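Chemist: One structure, as structure tokens, below. Some questions next.
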Amino acid sequence: MSTIKVSAVHGDITTIEADAVIVNLFEGVTTPGGGTGAVDQALGGAISRLITQGEVKGELGKTATILCGNAGGGSGSGGLAAHKVIVVGLGPAGSFNLERVRKAAGSAWRAATASGKVKTVATILHGAGIGGLDPAQCARAVAEGSALAAYTFQAFKSKPSLSTAGELVIVERDRGKLASIQEGVARGLLMADATNFARDMVNTPANHMTPTHMAAAATTMAREVGLECTVLEKADMERLGMGVLLGVAQGSVQPPKLIVLRYKGSGSGDGGNHGLLALVGKGLTFDSGGISLKNRDGMEAMKDDMAGGAAVIAAMKAIAQLKPAADVAGIVPCTENLPSGSALKPGDVVQAMNGKTVEIISTDAEGRLILADAVAYAVSLGASTIVDVATLTGACGVALGSGLYSGLISTCDSLVEAIHAAGVAAGEHYWRLPSDDEYKEQLKSPVADLKNTGGRLGGTITGGLFIGEFAGKTCWAHLDIANTCFAEKEAFHQPKGATGVAARTLAELAVRQK
Ligand code: BES
Ligand code: MN
Ligand code: ZN
């Protein structure tokens, strides 16, 4: 993880002391206004000339760097104190939104710090001027986008490369807006910090992120932010009758852990009924497929099969600081899925804590198995709403492509609406797939209540609906992040590697929970 400092000050972007200054441009604008116009003037029209020459077009996230010379002595060029100016594109003004602010801020941060030498960066507040968006929200998006872009994972490099750490200062001319901008900054940093925490857990190799390590990470975090954390051990699972979770775990020498984080809502005791929101995340620290062994090619990627669990733990970290009214529980079943003499076999029948029996068809459909007992456990805690999040199916990427939309399966329309709204606020997107009862035909077993795979067709749907069977009548939704938890290449505020997807959505959801 690499964290940056972000602050907001009252001042003038042309006179602020910084190693670099960030300004912006909407696509198609030929005469820059606002802070960009002021910097252009101070530079003697350098930005305008680049626009005329077609060098700068304002495309979203595209950056141009102008070196102002005079390094080391007093003012840079003309009336500008900084020595380097980054012009970042905001895209077309017509379709502008906060996610674009996040993206532009991320690209600009990366461009400003690419040399490894820049430590202090000043920026104008993207979106609050001609963009017409709320300044506090823009400040949140700028802080969040920059802190997300500054993330690097070098824990296992003996010689870490250039640092992208540094300090960002948002320069605001209107003193009256400063307080709300500072609040926005704090919120953005908190959300980015939670996301980067999830990214760290997901990027960590499976031999360093076993169920035991994951439980320790959750416990430490809980102590830091003041959450209650209990870790159920194998003996506890046996006592509770979690035969399905234990079935997956029995092939590994690593002991399984069920992490339970509890947040007591600020609304408790006010007489209102705020209910309990349960967030349940798949914490499969390595998925080899088990006896239904996966292909060797690319199996190293299966260290990220705990991304749902990481999102839940990270969301709980944010929630502890955001202090919503509702009670929230974060439940993360952690285990490895390995083949061995003691491993679960196709054809085996196991029983969940709610009494339901499952015939194992593929031991590689293990995520839904560990979530079955975890969701049943959430019901036993009295959850009024359950959201599970998991790298559940390869089929989700076939349906929705990679990186943009996560899958969403639910039988509770109001929850779907809330997840969509939370996702928009977080800049994360979910696409609802059908959940008709007809699909459950595919999960009928001749020997048990259910079988654990429904065949290739509609795999994301049947996988999700299997988990829903353990939520009973509770309002429930399932997020499939198999196609969004990892980025093959960097873009805007997303470095290559773990994305930390869903952490911010789940935190937003908790904040909006009545
Ligand atoms: N962890 C995988 C899903 C996955 C695949 C995540 C690719 C990320 C990238 C999951 O446990 C799994 O193996 N699912 C099977 C389900 C099948 C056996 C019904 C799959 O998708 O092939
Ligand atoms: Mn699997
Ligand atoms: Zn898996």
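The values are calculated or read from the model by the stated rules, or taken from the named source; none is laboratory data. Everything numeric here is computed off the predicted structure, so don't read it as measured data. All Cβ positions, even for glycine, are placed from backbone atoms using ideal geometry, and neighbour counts span all protein chains on display. Each accessible area value is taken on the protein alone, full model and side chains, heavy atoms only, with ligands, DNA and RNA left out. Shrake-Rupley method; radii C 1.70, N 1.55, O 1.52, S 1.80 Å.
Chemist: Binned at 10 Å from 0, what are the whole-percent values of the Cα-Cα distance distribution for the chain, short to long?
Modeler: 4, 20, 28, 22, 14, 9, 3, 1, 0
Chemist: Pull up the cross-link candidates among the lysines for LYS157, meaning alpha carbon to alpha carbon under 26 Å and not fewer than 8 places away within one chain.
Modeler: LYS5, LYS117, LYS119, LYS303, LYS489, LYS496
Chemist: Per DSSP H run of n ≥ 4, the term is -39500 (n - 2.57); total these for the chain, divide by its residue number, and report the mean residue ellipticity at 222 nm rounded to 500 deg cm²/dmol.
Modeler: Here the helix-only value at 222 nm equals -10500 deg cm²/dmol.
Chemist: Between THR52 and THR230, with labels modelled 7 Å along Cα→Cβ, what's the label distance in nm to one decimal, could you check?
Modeler: Once both label points are built, they end up 7.2 nm from each other.
Chemist: Taking the Cα-to-Cβ direction at HIS420 and at GLU300 and moving 7 Å from each Cα, how far apart do the two end points lie in nm?
Modeler: The two pseudo-label positions are separated by 4.1 nm.
Chemist: Next question, about the same structure. Quick check: at a probe of 1.4 Å, how many percent of the accessible area of the chain sits on carbon and sulfur atoms? Show your work: numbers first, answer last.
Modeler: Numbers: 10580 of 20090 Å².
Carbon and sulfur: 53 percent of the exposed surface of the chain.
Chemist: Rounded to the nearest 5, what % of the DSSP beta bridges within the chain are antiparallel ones?
Modeler: 40
Chemist: Same structure, new question: Residues with amide H under 5 Å of GLY265's amide H, sequence separation 5 or more or different chain, H placed in the peptide plane at 1.01 Å from N; which?
Modeler: Amide H to amide H, under 5 Å and 5 or more residues apart or across chains, GLY265 pairs with ASP327, VAL328.
Chemist: Sticking with this one: Please grab the % of Cα pairs in segment 112-157 that end up more than 14 Å from each other.
Modeler: Values: 641 of 1035 pairs.
That fraction is 62 percent.
Chemist: Counting only other residues whose beta carbon sits under 12 Å from that of GLN442, what net charge do I get with K and R as +1, D and E as -1?
Modeler: Numbers: positive: LYS440, LYS444, LYS451, ARG456; negative: ASP436, ASP437, GLU438, GLU441.
Around GLN442, the surrounding residues sum to 0.
Chemist: A further question follows. Using the per-residue mean of other Cβ atoms lying within 10 Å as a proxy for protection, in what order, highest first, do the peptides 356-365, 98-107 fall? Don't skip to the answer; put the middle values down first.
Modeler: Working: 356-365: 20.5, 98-107: 26.7.
Order by mean packing, descending: 98-107, 356-365.
Chemist: Here is a follow-up. Under a point-charge model restricted to the Cβ atoms of Lys and Arg (+1) and Asp and Glu (-1), what is the dipole moment magnitude of segment 5-193 relative to its Cα centre, in debye to the nearest 20?
Modeler: Working: 18 positive and 15 negative charges, 97 e Å.
Once rounded to the nearest 20, the dipole reads 460 debye.
Chemist: Continuing with the same structure: In degrees, nearest 10, range 0 to 90: what is the angle between the Cα axis of helix 98-113 and the longest Cα principal axis of the chain?
Modeler: Once rounded, the angle reads 70 degrees.
Chemist: If you take the charge dipole of the chain about its Cα centre, with +1 on Lys and Arg Cβ and -1 on Asp and Glu Cβ, which of ASN203, ALA278, GLY367 is farthest toward its positive end?
Modeler: The residue sitting most towards the positive pole is ASN203.
Chemist: OK, next. Could you please report the charge total around THR411, scoring K, R as +1 and D, E as -1 over all other residues with beta-carbon less than 14 angstrom from its beta-carbon?
Modeler: Net of charged neighbours comes to -4.
Chemist: Output needed: Cys residues of the chain lacking any neighbouring Cys C-beta below 4.7 Å, sorted by number.
Modeler: That list is CYS68, CYS138, CYS229, CYS334, CYS396, CYS485.
Chemist: Something else about it: Take the alpha-carbon positions of segment 200-286, form their convex hull, and give its projected area averaged over all directions (one quarter of the hull surface) in nm².
Modeler: Taking the Cα atoms of segment 200-286, their convex hull projects to 7.1 nm² on average.
Chemist: Next question, about the same structure. Per the Kirkwood definition applied to all pairs of different Cα atoms, how many angstroms is the hydrodynamic radius of segment 5-193?
Modeler: Final number for the Kirkwood radius of segment 5-193 is 16.3 Å.
Chemist: What does the accessible area per residue of segment 5-193 come to in Å², with a 1.4 Å probe and no ligands, DNA or RNA counted?
Modeler: Dividing the accessible area of segment 5-193 by its residue count gives 42 Å².
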